[in-house]
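Structure, as structure tokens:
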2 protein chains.
Amino acid sequence: MALVNEHYLKLQKNYLFADIAKKVNAYKVANPKARVISLGIGDVTRPLVPAVIDAMHKAVDDMAHKETFHGYGPEQGYLWLREAIVKNDFLPRGIRLDPSEVFVNDGAKSDTGNIGELVRWDNSLGVTDPIYPVYIDSNVMCGRAGVLENGKWSNVTYMPCLETNDFVPQIPDHRVDMIYLCYPNNPTGTVITKEELKKWVNYALKNDTLILYDAAYEAYITEPHIPHSIYEIKGARKVAIEFHSYSKTAGFTGVRCGYTVIPKELTAVTIDGKERIALNTLWFRRQCTKFNGTSYISQRAAEAIYSPEGKEQTKAVIDYYMGNARLMYDALKKLGFRVYGGVNAPYLWVKTPDGVDSWKFFEQLLYGAQIVCTPGVGFGPSGEGFVRFTSFGEREDCKEAMQRLAKWMKA
Amino acid sequence: MALVNEHYLKLQKNYLFADIAKKVNAYKVANPKARVISLGIGDVTRPLVPAVIDAMHKAVDDMAHKETFHGYGPEQGYLWLREAIVKNDFLPRGIRLDPSEVFVNDGAKSDTGNIGELVRWDNSLGVTDPIYPVYIDSNVMCGRAGVLENGKWSNVTYMPCLETNDFVPQIPDHRVDMIYLCYPNNPTGTVITKEELKKWVNYALKNDTLILYDAAYEAYITEPHIPHSIYEIKGARKVAIEFHSYSKTAGFTGVRCGYTVIPKELTAVTIDGKERIALNTLWFRRQCTKFNGTSYISQRAAEAIYSPEGKEQTKAVIDYYMGNARLMYDALKKLGFRVYGGVNAPYLWVKTPDGVDSWKFFEQLLYGAQIVCTPGVGFGPSGEGFVRFTSFGEREDCKEAMQRLAKWMKA
């Protein structure tokens, strides 16, 4: 008799973005002529850059001839891509990685979702709040999150990021086994300084905590003193796994490629406390068993981002999106909103006016100005009273959305 | 203190194909001039067919323009592909599926590896022996396989497939919660008749067993009475999940696309026995949380397989490989080997001569004839005394391998 994994039944019924899509569709059905502008889900809209397109055409042609055909690649990703990553994303910041410490994947969501397999199901968790829902949900699925009590999971330490603490989470006063950090942050758009990040690494070193560091938005950092990688901090190689994604760096949300760094020094301990096990080895084994590498074409596409043209072209796209962010930031400020993020990240975290709750304001914006945002509370209890705007839209749409918003506020 | 998942430490140190690669490399280093012919790992060698190449170029072009750019797709796969699957792979066999019962993935390995998440870690397992190692290893990783005792896992019922039973596994005399079946079989190349498959479905219906049916090689079936899908059997929708892959159907080992079917009627029970939960719903939630869909380009490539040209061209490639299988089958028979498979599958299962063990014969072939095969014992205890030959090579290589083998046997 096959018994179901009971932890799955604890999940809240719907996924945030599915809920939003449903509400938006209901609006569209009732108002078929309305032009809805989406500043909601964090998907890109600019096409892939020419360097990437050229590389993909070439890769497709490789697949057409037996001399250049590529079948199964290494589960960990092709060495040429891992070498390009090490050389371009880390070496210029003084971080020396071996290519065997890099695992190419089909996007950060898979790896952030699956990485928890390497450690026991009963390790305790710490998360900043608000947070990307996958971090929590993937832990609910294996029982690690515990049970839901008054909107919080029993085995999770929540570290609120609020206006009152400048969105800097406080380090827990007790030992936590695993902590998720995401900087630049989704959803708040805020960043962490080297000094603050150092505190986390030191906490982890002292408490033998595993840090799961999501750097998916690092390419959006504009200020020079903000760290792009946790490995810029001494000692981080012993405690942190870092997730990168080309989804936002180069518009790869439909291409599916990213990578995870697991330094060789990083270990977790056996339950008897006697042995330390390298997670790099375990993840390699995991990937060889449950993954067969990312599409050859997607890997060639990723490689092209590191060519001189690729770098220049992808930077121009990021600048475009960050131009949107600036435009919206300024407009929202002018309208009297309290706005955070948007300087080193493609997300704006906006306080709702008059203490209106997140979903209420979401509906007001949808019905009043035909703008879709993401209700902050969908990212966790501390997101209540905020909404997230993304800057991944068209420039004209961002402008029009801000005009509509101004008009709606005056009405 | 992050505690490691202790089940990972029970895994045997190396993955079968990594072991083989190491031995082959050692031989090549010592014999740099030798031309080694690989009939070992099941990777394809023919390039992608023109219909697929054209579709991929077009898909790449779509990504180059904002009007046709594709970002995040549905986690479950694009509807146009799922509709093509339903219409082409199932409807002609009298199987009616709804597209929502199909989940497009990045290859069967990911889904066969991850599907176990949906059910409790302590369900008992049944496997045919020999078997594709991923089925077992993925269950070791979550503790479901139990502990290794005398080369067998304690929570696994092994169903030997031997010459003495015509490679037809015997149905267990006790209740098993989950059973893996793979037909056409990897590694033995044997198939199952409708009558035999019916017995499994009836066993599963009676015992509330979940069947995990791997149909990755169904495109290689040449005999008309052999079932291509377990859903050809009445009642199977209530008990079986079926895995399909384009890797072998259309040479997609480097493209990464396949699909999994989870009928809506399929359920697993809660531990108190009071409720039945649809696994389709749980898998959808799992994919939305831990997967972000397969590359748009790979999905367009898969769609092209179902065009009239795509069908014709992929069939020609399969015929080529099956021509290899026939050639090797005949040659091996002529040399006096006992040979199985190769008629409805791209694998030949060959009894070693004189009771030599699998690894010994593997080395004899490597050093004596510069041929790489896969030692049968690597697929499980009942594989001892066999090796697997694949027919995915070049025709000329297959011919030469058989000539070398003949020469070596005479020496």
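Brief remarks on what is shown
- Residue list for the range B:188-233, filter: among the acidic types (Asp, Glu), open to solvent by 20 Å² or more (accessible area, probe 1.4 Å) and out of contact with any Gly (no Cβ under 9 Å at 6 or more places or on another chain): B:GLU195, B:GLU196, B:ASP208, B:GLU218, B:GLU223
- Any hit, the range A:68-84, residues being within 12 Å of another protein chain (Cβ to nearest Cβ), touching a Lys or Arg at 6+ places or on another chain (Cβ under 8 Å) and farther than 27 Å from B:ASP62 by Cβ: yes
- For the range A:88-139, a residue qualifies if it is under 30 Å from A:HIS7 (Cα atoms) and of a type in the set (Phe, Trp, Tyr), and the qualifying residues are A:PHE103, A:TRP121, A:TYR132, A:TYR135.
- When the test is whether a residue is over 23 Å from the mean Cα position of the chain (by Cα), assigned to a helix (DSSP H, G or I) and crowded, with 23+ Cβ neighbours inside 10 Å, B:ALA59 passes it.
- Extreme residue, farthest from the chain's Cα centre (by Cα), among residues of the range B:22-51 that are open to solvent by less than 50 Å² (accessible area, probe 1.4 Å) and more than 14 Å from every other protein chain (Cβ to nearest Cβ): B:ALA34
- Sole exception among (1) part of a helix (DSSP H, G or I); (2) more than 8 Å from chain B (Cβ to nearest Cβ); (3) farther than 24 Å from B:TYR15 by Cα for A:ASN280, by number: (3)
- A residue that is within 7 Å of chain B (Cβ to nearest Cβ), modelled with pLDDT of 95 or more and part of a strand (DSSP E or B) occurs nowhere in the range A:293-302.
- Filter pass, B:THR249 being β-branched (Val, Ile, Thr), within 14 Å of another protein chain (Cβ to nearest Cβ), farther than 27 Å from B:PRO381 by Cα and open to solvent by 20 Å² or more (accessible area, probe 1.4 Å): yes
- For the range B:158-170, the tally of residues that are surrounded by fewer than 18 Cβ atoms within 10 Å (Cβ to Cβ) and under 21 Å from the mean Cα position of the chain (by Cα) stands at 5.
- Among the residues listed as B:ASP89, B:ASP98, B:ASP54, B:ASP19, the single one being in contact with a helix residue (DSSP H, G or I) (Cβ under 8 Å, 6 or more places away or on another chain), open to solvent by less than 70 Å² (accessible area, probe 1.4 Å) and either away from every other protein chain (no Cβ under 12 Å) or of a type outside the set (Lys, Arg) (or both): B:ASP19
- Any hit, the range A:185-196, residues being more than 22 Å from A:ARG237 (Cβ to Cβ) and acidic (Asp, Glu): no
- Criterion violated by B:GLY273 - all others in (1) surrounded by fewer than 23 Cβ atoms within 10 Å (Cβ to Cβ); (2) closer than 17 Å to B:ILE115 by Cβ; (3) at the interface with chain A (Cβ under 9 Å from one of its Cβ atoms) satisfied: (2)
- Which listed residue, of A:ARG326, A:ARG300, A:ARG286, is charged (D, E, K, R) and open to solvent by less than 10 Å² (accessible area, probe 1.4 Å): A:ARG286
- Count of the range B:115-135 residues which are more than 7 Å from chain A (Cβ to nearest Cβ), in contact with a Gly (Cβ under 8 Å, 6 or more places away or on another chain) and closer than 18 Å to B:GLY42 by Cβ: 3
- Top-ranked residue in the range B:138-155 [being buried (at least 21 other Cβ atoms within 10 Å of the Cβ) and over 22 Å from B:ARG285 (Cβ atoms); ranked as nearest to the other protein chains (Cβ to nearest Cβ)]: B:VAL140
- Residue match in the range B:342-351 (condition: touching a residue at least 40 places away in the same chain (Cβ under 8 Å), surrounded by 15 or more Cβ atoms within 10 Å (Cβ to Cβ), hydroxyl-bearing (Ser, Thr, Tyr) and in a strand (DSSP E or B)): yes
- Residue within the range B:190-206 that is within 14 Å of chain A (Cβ to nearest Cβ), in contact (Cβ under 8 Å) with a residue 40 or more places away in the chain, in a loop (DSSP other than H, G, I, E, B) and hydrophobic (A, V, I, L, M, F, W, C) present: no
The values are calculated or read from the model by the stated rules, or taken from the named source; none is laboratory data. Computed from a predicted structure; not experimentally measured. Counting neighbours? That spans all protein chains shown, and the Cβs are built from the backbone with ideal geometry, glycine included. The accessibility values were calculated without ligands, DNA or RNA, using every heavy atom of the protein model including side chains. Shrake-Rupley method; radii C 1.70, N 1.55, O 1.52, S 1.80 Å.
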